[in-house]
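Asker: One structure, pasted below without further comment.
The values are calculated or read from the model by the stated rules, or taken from the named source; none is laboratory data. The model shown is predicted, which means the values in this text are computed figures rather than measured ones. Neighbour counts run over all protein chains shown; Cβ positions are idealised from the backbone, glycine included. Note: areas computed on protein heavy atoms with side chains; ligands, DNA, RNA excluded. Shrake-Rupley method; radii C 1.70, N 1.55, O 1.52, S 1.80 Å.
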Amino acid sequence: MSENFLGKLIEDDLSANTFPRPICTRFPPEPNGYLHIGSLFAVHTNYMIAQKYRGHFNLRFDDTNPLKEDMKYVNAIIEDIDWLGYNTNGRVFYGSDYSEEIFEAALTLIKKGKAYVCDLSPEEITEYRGTLTEGGKNSPYRNRSVAENVGLFMKMKNGEFANASKVLRAKIDMSSPNITLRDPVLYRIIHAPHYRTGDSWCIYPLYDFAHPIQDAIEGITHSLCSNEFLEHRPLYEWVLRELDIADPPKQREFGRVNVTGVVTSKRYLRELVTGAYVDGWDDPRLPTIRGLRRRGFTPSSIKSFIEEIGIPKQQTFVDMGMLEQSLRADLKAEVVSKMAVLNPLKVVITNYPEGHIEPLPVKNNSENGELGNREVPFSKVIYIESDDFMEVPIPGFKRLTLGTEVRLMGAYFIKCHDVIKDEATGNIRELHCTYDPETKSGTGFKGRKVKGTIHWVSAEHGIKADVHLYNRLIITDEIGKDKGKPWEEKLNPESLVILKDCMIESSVKDVKQEEKFQFIRHGYFCVDTKYTTKVRLVFNRIVPLKDSWKR
């Protein structure tokens, strides 16, 4: 991780011996959804700082809302973080494990006269809080005695009150210019089973109260979060101060990074999944880590993307195309290329020997000679891309036309003589061509030149496969401004194009799950882990060779 303002802060603390313990950071996801690319800036920042200063990194689940949390999300988040290479070394914690300590902390505040039980409804609390330009007003329950507050809070814990009938609030300052400090709610009543603690509790702390206590329990030194929590820092410090926490952790903020070109709102992601607009949480068009993985993005490309952005101080916007470019750079010299014909057009080489099969050597990667060569079978009948032929060529067309020659990659020159069409539709069904045996690739032939080179696949040996071409899911980034529009009008109708019966060279027959290739002239592709079977291969296009998105 490059030098940044957070690094300077930590180095200053180390120089001043601010903490009598190693540097310790944390990432506290809520287990109510799947990690997405926007979450990773916090993960990466906290993890890399802990690594740099030989400290600890804690993965702590902020699981204090039983209405939304589920163990499946816990398992998914752990799996995603492990796949990305952020090694937790077993330091996985749960906020719900600190329920007793947080409850005792609340009692401490009550006994100090710093918290009180309030009977205002949620709507009344909002009304009493005031606005950015007007101060709030005190709750009529603010001056309850310590004894009464302790008794009421114990009854809340024992389940004697209904949901939302009472809350515990901090007693700070209803006239504070920082609305967060206007007697914030610390505990609320929720009669619902918790995914880990069952029915042991019916009161749950809010994040702003639980967060600093959890940090203190775990020995966190630096609670690093995005700057949307900046105005919450005074409350974080108030809680620690009122609880007399020695050597308290510090909350510090970095600029929020917004990735454009994708949907990162949990609410919108949930709507897309539950509304069946996408193929589940691992849909390759989604920016969830599961979706990115299934599409074919690599941990190293994702980390390179984050490193390239750095740690900003202010809110930053970056386009998804930047991640795609990191993927291209990651795979360019690392993966084997394959010939894949996505829209096949049959070609019969009329003067090629019947039944003859010729293995031709082809480079595995033109950028990396260490990956060696492979042999690709050549035969009398092959397939080429349908748009590599034009019966009536447009100006500048350099591929196959009637009466002209092109080179078949790694093979021979061919010339088209006849076009066979379907009698009913008039569509081109196949081409009849001849080849020149003197023009074999690698022989040093220099008798004449051709302007174009195209790829091909032997009809006899090629393997049929489905190919999924992914483009951007949303038409515009201004989703929030289109609230009146249904999703059907917000989504790109060409975000997924499924091509059936593509022809791929035979060397892909033994591919592995998540294996990646460059399909020559098409882009980078990955074996789809959801729909590939023993009898049918499915490939996902990760990215084209160049960014083709037209904004």
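Asker: Can you give the Rg to Rh ratio of the stretch 176-251, both from alpha-carbon atoms, with Rh computed by the Kirkwood formula?
Answerer: Numbers: Rg = 13.8 Å, Rh = 13.7 Å.
Expressed as Rg/Rh, it is 1.01.
Asker: For labels at residue 270 and residue 258 in the simple 7 Å Cα→Cβ model, what's the distance in nm?
Answerer: So the two model labels end up 2.1 nm from each other.
Asker: Another one. I want the antiparallel fraction of DSSP beta bridges within the chain, as a percent rounded to 5. Spell out each step's value before the answer.
Answerer: Numbers: 54 of 85 bridges.
Of the beta bridges lying entirely in the chain, close to 65 percent run antiparallel.
Asker: If you bin every alpha carbon distance in the stretch 426-551 into 10 Å steps from zero, what whole percent lands in each bin?
Answerer: Reading the bins upward from 0: 10, 29, 27, 23, 8, 3, 1.
Asker: What number comes out for the charge environment of residue 296, summing +1 per Lys or Arg and -1 per Asp or Glu over other residues with Cβ under 10 Å away?
Answerer: Working: positive: 293, 294, 295, 516, 541; negative: 514, 515, 528.
That sum, taken over residues with Cβ under 10 Å, equals +2.
Asker: Something else about it: Run the dipole for the stretch 160-232 about the Cα centre, Lys and Arg Cβ at +1, Asp and Glu Cβ at -1, nothing else charged, and hand back the magnitude in debye, nearest 20. Before the final figure, lay out the partial values.
Answerer: Working: 6 positive and 9 negative charges, 48 e Å.
Result for the stretch 160-232 is approximately 240 debye, rounded to the nearest 20.
Asker: Using only the alpha carbon atoms of the stretch 122-165, find the Kirkwood hydrodynamic radius as the inverse mean reciprocal pair distance, in angstroms to one decimal.
Answerer: Values: mean 1/r = 0.0812 Å⁻¹.
The Cα-based Kirkwood calculation yields 12.3 Å.
Asker: About the Cα centre of the stretch 349-488, what is the dipole size in debye to 20, counting +1 per Lys and Arg Cβ and -1 per Asp and Glu Cβ, all else neutral? Intermediate results must be reported in sequence, preceding the final value.
Answerer: Numbers: 19 positive and 22 negative charges, 100 e Å.
My answer is approximately 480 debye.
Asker: What does the highest-first list of 518-529, 148-159, 231-242 look like by mean Cβ count within 10 Å?
Answerer: Numbers: 518-529: 21.8, 148-159: 16.3, 231-242: 18.2.
Result, highest mean Cβ count within 10 Å first: 518-529, 231-242, 148-159.
Asker: Given Cα pairs under 8 Å that are at least 6 residues apart, what percent is the relative contact order of the chain?
Answerer: Details: 1031 pairs, mean separation 61.6, N = 551.
The value is 11 percent.
Asker: Reachable aspartates and glutamates from residue 500, Cα under 15 Å, same-chain residues fewer than 8 places away excluded?
Answerer: Hits, sequence-local ones excluded: 385, 466, 528.
Asker: Still on this structure: Work out, step by step, the length gained on full extension between residue 367 and residue 67: first 0.36 nm times the residue separation, then minus their alpha carbon distance; give nm to one decimal.
Answerer: Length difference between fully extended and current span is 102.7 nm.
Asker: Where the centre of each part is set by its Cα atoms, how far does the stretch 121-186 sit from the stretch 436-478, in angstrom?
Answerer: Here the two parts' Cα centres lie 68 Å apart.
Asker: Further, regarding this structure: Give me D for the chain in µm² s⁻¹, whole number, from Stokes-Einstein with Rh from the Kirkwood sum over alpha-carbon pairs, 37 °C and 0.692 mPa s.
Answerer: D, rounded to a whole number, is 118 µm²/s.
Asker: With axes computed from alpha carbons, what is the tilt in degrees of helix 299-309 against the longest principal axis of the chain, rounded to the nearest 10 within 0 to 90?
Answerer: 70 degrees
Asker: Take the solvent-accessible surface of the protein heavy atoms, probe 1.4 Å, and return the percent of it on the stretch 1-154 that carbon and sulfur atoms account for. Show your work: numbers first, answer last.
Answerer: Values: 3380 of 6950 Å².
That fraction is 49 percent.
Asker: Per residue, how many Å² of accessible area does the chain show with a 1.4 Å probe? Walk me through the intermediate numbers first.
Answerer: Working: 25410 Å² over 551 residues.
For the chain, the solvent-accessible area averages 46 Å² per residue.
Asker: Still on this model: Going Cα to Cα from residue 8, which lysines come in below 26 Å? Please leave out same-chain ones fewer than 8 positions away.
Answerer: Output for residue 8: 52, 250, 303, 313.
Asker: Still on this structure: For the chain, find the longest principal axis of its Cα atoms and tell me its angle to the long axis of helix 320-331, 0 to 90°, nearest 10.
Answerer: Taking Cα atoms only, the helix is inclined about 60 degrees.
Asker: Name all residues of the stretch 159-203 having a backbone nitrogen under 17 Å from the label point set 7 Å from the Cα of residue 119 along its Cα→Cβ direction, giving them as ranges.
Answerer: 160-169, 189
Asker: Another question, if that's okay. What is the percent carbon and sulfur in the accessible area of the stretch 397-521, measuring with a 1.4 Å probe over the protein chains and ignoring ligands? All intermediate terms of the calculation are to be shown ahead of the outcome.
Answerer: On the way: 3130 of 6760 Å².
Here it works out to 46 percent.
Asker: What is the angle, in °, between the Cα long axis of helix 207-218 and the longest principal axis of the Cα atoms in the chain? Nearest 10 is fine, range 0 to 90.
Answerer: Roughly 90 degrees between the two axes.
Asker: Can you give me the relative contact order of the stretch 272-342 as a percent, contacts being Cα pairs under 8 Å and 6 or more apart? Could you put the intermediate results ahead of the total?
Answerer: On the way: 42 pairs, mean separation 14.1, N = 71.
Relative contact order of the stretch 272-342: 20 percent.
Asker: Give the lysines reachable from residue 449 as a straight Cα distance under 25 Å; neighbours fewer than 8 places away on the same chain don't count.
Answerer: The qualifying lysines are 338, 346, 363, 380, 398, 415, 440.
Asker: What is the extension gain from residue 509 to residue 104, computed as 0.36 nm multiplied by their sequence separation minus the C-alpha to C-alpha distance, in nm to one decimal? The partial results should precede the final answer.
Answerer: On the way: separation 405, 0.36 × 405 = 145.80 nm, distance 6.20 nm.
Net length gain for the segment: 139.6 nm.
Asker: Related question: Run the numbers for residue 381 and residue 494: contour at 0.36 nm per residue of separation, minus the present Cα-Cα distance, in nm.
Answerer: Numbers: separation 113, 0.36 × 113 = 40.68 nm, distance 3.25 nm.
Computed gain between residue 381 and residue 494 is 37.4 nm.
Asker: A further question on this structure: As a test, work out the antiparallel percent of DSSP beta bridges whose residues both lie in the stretch 115-262, rounded to the nearest 5. Mind dumping the intermediate values first?
Answerer: Details: 11 of 16 bridges.
Counting only bridges with both partners in the stretch 115-262, antiparallel ones make up about 70 percent.
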